[in-house]
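Here is the structure we will look at, set down as structure tokens.
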Amino acid sequence: MSADGNESYRACQDCGEPLRGRRDQRFCGDHCRTNFNNAKKLAARIKRPEFLKTIPKILVRNYDILKQLNTSSPTKVKRSKLESLGFNFRYITSCHTTNKHDTYRFCFDQGYLELKDQMVLLVVQPNQVET
Ligand SMILES: [Zn+2]
């Protein structure tokens, strides 16, 4: 506790555990310091391209749009409805082709099947997010 009684909560920068040592302590131990510094060095060395930030955002937006529209699975919507909400058909997390040669595309557990006449069938498939 500091003299003014206003010490803020501090956590290890690697594992997030609370810190109880010196005020300038940043890690709970050597293991966490090494871990943190190695991860930082690796990230700097490989120079992550911008798409590592943008594509996950697109996938999450696609997921949100599918989830919002799929109120009672399965639901049929117009493809133009998805497009108007900003759905990006280029990005999915998985796909599944049935014996009837229908290809369902998924953003996490939220999926869709493109039908005739610009319609899209929305489905939920929990097994698509099993890792
Ligand atoms: Zn730690």
* **Contour excess over end-to-end distance, with Cα ends at Ala11 and Phe51 and 0.36 nm allotted per residue** => 11.4 nm
* Which listed residue (Thr34, Leu69, Thr131) has the Cα farthest towards the positive end of the charge dipole for the chain, taking +1 on Lys and Arg C-beta and -1 on Asp and Glu C-beta about the Cα centre? -> Thr34
* Structure fact -> Computed over the chain: longest principal axis from alpha-carbon atoms vs helix 30-46 long axis, angle to nearest 10 degrees, is 50 degrees
* Share of the chain's accessible area from carbon and sulfur, percent, 1.4 Å? -> 50 percent
* Reachable lysines from Lys76, criterion Cα separation under 16 angstrom, eight or more residues apart if same chain -> Lys67, Lys116
* To do: Report the far tail of the P(r) of the chain, meaning the percent of Cα-Cα pairs longer than 19 Å.
  => 64 percent
* Relative to the present Cα-Cα distance, how much length would full extension add between Asn88 and Lys67 at 0.36 nm per residue of separation? -> 6.1 nm
* Asked: Just going by the charge dipole of the chain, with Lys and Arg at +1 and Asp and Glu at -1 on Cβ, which of His101, Leu19, Ile55 is farthest out on the positive end?
  -> Ile55
* To do: Give the relative contact order (percent, whole number) for the range 1-128; include only Cα pairs under 8 Å separated by 6+ residues.
  => 17 percent
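The values are calculated or read from the model by the stated rules, or taken from the named source; none is laboratory data. What you see is a predicted model, and the numbers here were worked out from it, not measured in a lab. Cβ sites come from the backbone with ideal geometry, for glycine too, and all protein chains shown count toward neighbours. For the accessible areas, the whole protein counts, side chains as well, though only heavy atoms, and no ligand, DNA or RNA atoms are used. Shrake-Rupley method; radii C 1.70, N 1.55, O 1.52, S 1.80 Å.
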